[in-house]
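Undergrad: The structure is given below, and queries will be raised subsequently.
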Amino acid sequence: MKKNSTVAIRRKQIFRRKTLTIGMDLGDRFTYYCILDEAGEVMVEQKLPTTKQAMEHVFGAMPSSRVALETGAHSPWVSRQLTQLGHEVIVAHARNVRLIGESSRKAARLDARMLARLARLDPRLLSPVQHRSAEAQIHLTVIRARAALVGARTALVNAARGLAKSYGERLRKCGTQQVSKNLAAGLSAELRAALEPLLAEVASLNQRIAEYDRRIEQIATEVHPEVALLKQVKGVGTLIALSYVLTVGDPHRFRHSRDVGCYLGLRPGRRNSGHSQPQLHISKEGDGYLRTLMVQGAHYILGPFGQDSDLRRWGLKLCERGGNNAKKRAVVAVARKLSVLLHRLWVGGEVYEPLRNHSGVAGAAA
């Protein structure tokens, strides 16, 4: 009882101060936080449950303070709640804060203290990121839930085909959307009995995925009309366009459209030293799911059904340079240019011209 009273008294004394800096290490069950005063001295180091009620109880009574926390599963809702309570919230890019991630003395209490000290000195050291709104997050959750079902469906179909092969038989070829328990009709009776329940689960997943597709179309039509601008590019459907809009959020936070390619991790990494400039792989920073969708769109653009366009012609020229990895490099390069093109269409509201750079040549040839 005496300990609790002492903590309460110290908190009242701290709250009277005008400038506080708080570092938080978010855990799944508990969160450690460290409060620094104006001189950088540690005033309080405590932990609290990672719940909305606990956050409200502890930080609701504090004056407006600077709060630093790392990106993670809980950081979106925690940052929104703390902002609503009047605090200045800095969400640190966990991958870029090496003083924490690569520390030999890593602990939740020490991480919270380090976050507080970095936020007090210079917030730019934390490589701050901007979380999306609650509405955008719930819409993106629909897309991610669909992706989880698609992954489960692919795993089940591959398992069924592999099990049939191991028994010396094969399932007939068809798309995953056409899979049903009738696909096992040509198999032996014992194998059909073993695989039909699995194929029935695939058919059920197809129905759930179709429901998600309808919800995604509805969200795009009713909430995000800018999706129509992005769908002007053949190869960019509702799923890619809506994922792009929700992930990027505010397009005006990028000074140049080409910055989006870097944001999605589609630019080569750099490790230059003196005259040495080694060629590295792409950084793969940013949102991995959207990067995958961009690559899928690039595959379509360069594929047999891709529309003739400046982007396709440019990508095919990269493929002609030869080498075993020429096609892979071309796909990544087209994905990067596609992300830049979509941003340009979104910001400018322009009508997409597939052969804008070759319109004069095409007219002369006609």
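Undergrad: Among the aspartates and glutamates, which fall within straight-line cross-link reach of LYS181, defined as a Cα-Cα distance under 12 Å, with same-chain neighbours fewer than 8 residues apart omitted?
TA: The qualifying aspartates and glutamates are GLU196, GLU201.
Undergrad: Give me the percent relative contact order of the chain, please, defined on Cα pairs under 8 angstrom at least 6 residues apart.
TA: That works out to 11 percent.
Undergrad: Of all DSSP beta bridges in the chain, what percent run antiparallel (nearest 5)?
TA: Percentage antiparallel, nearest 5: 60.
Undergrad: A further question on this structure: Roughly what would the spin-label model give for ALA203 and ALA185, points 7 Å off Cα along C-beta, in nm?
TA: For ALA203 paired with ALA185, the spin-label model returns 1.1 nm.
Undergrad: Tell me, what is the percent relative contact order of the stretch 209-357, built from C-alpha pairs under 8 Å that lie six or more residues apart?
TA: 27 percent
Undergrad: Taking every eigenvalue of the Cα gyration tensor of the stretch 159-205, multiplying by 5 and rooting it, what semi-axes result, largest first, whole Å?
TA: Here the semi-axes work out to 16, 11, 9 Å.
Undergrad: With each pseudo-label sitting 7 Å past Cα toward Cβ, what's the GLU135-TRP314 distance in nm, one decimal?
TA: About 3.3 nm, to one decimal.
Undergrad: Right, another one. For the stretch 102-202, run through the GluC sites (Glu not before Pro) and keep only the ones in DSSP coil with at most 10 other Cβ atoms within 10 Å of their Cβ.
TA: GLU102
Undergrad: Applying the Karplus parametrisation 6.51 cos²θ - 1.76 cosθ + 1.60 with θ = phi - 60° to the phi angles of the stretch 140-148, what ³J(HN,Hα) value in whole Hz is obtained for each residue in order, glycine and proline being reported as x?
TA: 5, 5, 4, 5, 5, 5, 4, 4, 5
Undergrad: Determine the gain in length on full extension of the stretch HIS93-ASP213; use 0.36 nm per residue of separation and subtract their C-alpha separation, reporting nm with one decimal.
TA: Extra length available between HIS93 and ASP213 comes to 40.0 nm.
Undergrad: Could you give the nm distance between label points at THR83 and ALA107, where each point is 7 Å from its Cα heading toward the beta carbon?
TA: 3.4 nm
Undergrad: First measure r as the distance between the Cβ atoms of ALA39 and VAL142, then evaluate 1/(1 + (r/R0)^6) with R0 = 51 Å and state the FRET efficiency to the nearest 0.05.
TA: Step by step, r from the Cβ atoms, then E = 0.60.
Undergrad: Which ³J(HN,Hα) values in Hz, rounded to whole numbers, follow from the phi angles of the stretch 49-56 under the Karplus curve 6.51 cos²θ - 1.76 cosθ + 1.60, where θ = phi - 60° and Gly and Pro get x?
TA: Once rounded to whole Hz, the list reads x, 7, 9, 5, 5, 5, 4, 5.
Undergrad: Kindly express, to the nearest 10 degrees and within the range 0 to 90, the angle between helix 75-84's C-alpha long axis and the longest C-alpha principal axis of the chain.
TA: That helix lies at roughly 50 degrees to the long axis.
Undergrad: Around ALA68, which amide H atoms from residues at least 5 apart in sequence, or from another chain, sit under 5 Å from its own amide H, with H modelled in the peptide plane?
TA: Under 5 Å from the amide H of ALA68: ILE22, GLY23, MET24, ILE90.
Undergrad: Additional query: Given a 1.4 angstrom probe, what's the average accessible area per residue across the chain, in square angstrom?
TA: 58 Å²
Undergrad: Would you work out the relative contact order for the stretch 144-265, in percent, from Cα pairs under 8 angstrom that are 6 or more residues apart?
TA: In percent, rounded to a whole number, it is 20.
Undergrad: Next question, about the same structure. Each residue of the stretch 188-205 in turn: what ³J(HN,Hα) in whole Hz from Karplus with 6.51, -1.76, 1.60 and θ = phi - 60°, glycine and Pro shown as x?
TA: 5, 4, 5, 6, 4, 5, 7, 9, 4, x, 5, 5, 5, 5, 5, 4, 5, 5
Undergrad: Can you list the residues, at least 5 places off or on another chain, whose amide H is less than 5 Å from the amide H of MET43, using H built in the peptide plane?
TA: ILE35, LEU36, ASP37
The values are calculated or read from the model by the stated rules, or taken from the named source; none is laboratory data. Please read these numbers as outputs of a predicted model, since none were measured by experiment. Cβ coordinates were reconstructed from backbone atoms using ideal geometry, including for glycine residues, and neighbour counts include every protein chain displayed. Ligands, DNA and RNA are excluded from the accessible area calculation, which covers all protein heavy atoms including side chains. Shrake-Rupley method; radii C 1.70, N 1.55, O 1.52, S 1.80 Å.
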